[in-house]
Every structure is written in structure tokens, then in C-alpha cells.
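Take a look at the structure below.
Quick note: the coordinates plus some simple rules give every number you see, no bench work behind them. Bear in mind that the values here come from a model prediction, so they are computed numbers and not experimental data. Here the Cβ is made from the backbone with ideal geometry for all residues, glycine too, and neighbour counts use every protein chain on show.
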Amino acid sequence: MPKTDLKNARTGRFAYDGLDRVIHEKARLSVLTSLVAHPKGLVFGDLKKMCGLTDGNLSRHLQVLEEAGLIDIEKGYDHNRPQTLCRITSNGRRRYLDYLAVLEQVVRDAASAAKAGAAPLGLRRLKTV
């Protein structure tokens, strides 16, 4: 491999730019995973239980996901009681699957490095005097 190709291969090799910061947060990843598993949507209470979040915490994460265009929120009534239904959008599903592909690459890289017992890039043993 030419020297420039080696440099390019090392530069940013483990940057994982596809790890979408909106999705990467644990609670939002949990919400999106729940909604991918339930494409017809989930009501707020069920989503809250599945993700182990408080009302306020879930509300804030839903707001972030909705602003990013990853989910749709529909407010209505069921037997005269207010109800919030959350669904993943087609854009949200695509971004979620793209995110998972990058996350799978992270796992493959980590497993490969662990198996090889490779030292982190740039670390070299220093000679002691």
C-alpha cells in the first residue's frame, strides 16, 4: 500500500461519522428501537414502560426525535381520555437502520482488535534507559 493510502486508511478510520448523535443517546435509541418493533405505533404510557423513563424524560426525548423528523406524534382521545400515539417515520426508520449499520461496524472492529490483541493506533513501546 502506498504511503498516502496508508495515511488515509488510518485517518478517521475509527471516526464512525454515521453514529447519529440524535439517535445515539441511550433513551432515544431505546424509544426508536421500541417504535421500529411496533410500526403501528405505541401510546405514551406503553412506550414509557418499555423504555423505563419518566413522563418528563420521555416527553423531552420525544420532542427531540420529532424535531429531527424521526417520529410522528399524534394527540387524541380514547374514551374521553387524552392519548398520545408515537410512530417512527420512514425517514426515522432509514436513519435508524443506517445508524445500526455503523454500530455493527464498531462491534466488528472492536471484536477484531480484541481478537488480534492489537495495541491502540499510535501507541508504541518506549525504550527505557
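One residue stands out among those in the stretch 79-94 that are touching a strand residue (DSSP E or B) at 6+ places or on another chain (Cβ under 8 Å) and not hydroxyl-bearing (S, T, Y): the one that is surrounded by the fewest Cβ atoms within 10 Å (Cβ to Cβ), which is P82.
For the stretch 33-54, the count of residues that are touching a Lys or Arg at 6+ places or on another chain (Cβ under 9 Å) and in a helix (DSSP H, G or I) is at least one.
For the stretch 14-48, the set of residues classified as of a type in the set (K, R) and more than 8 Å from the chain's Cα centre (by Cα) consists of K40, K48, listed by residue number.
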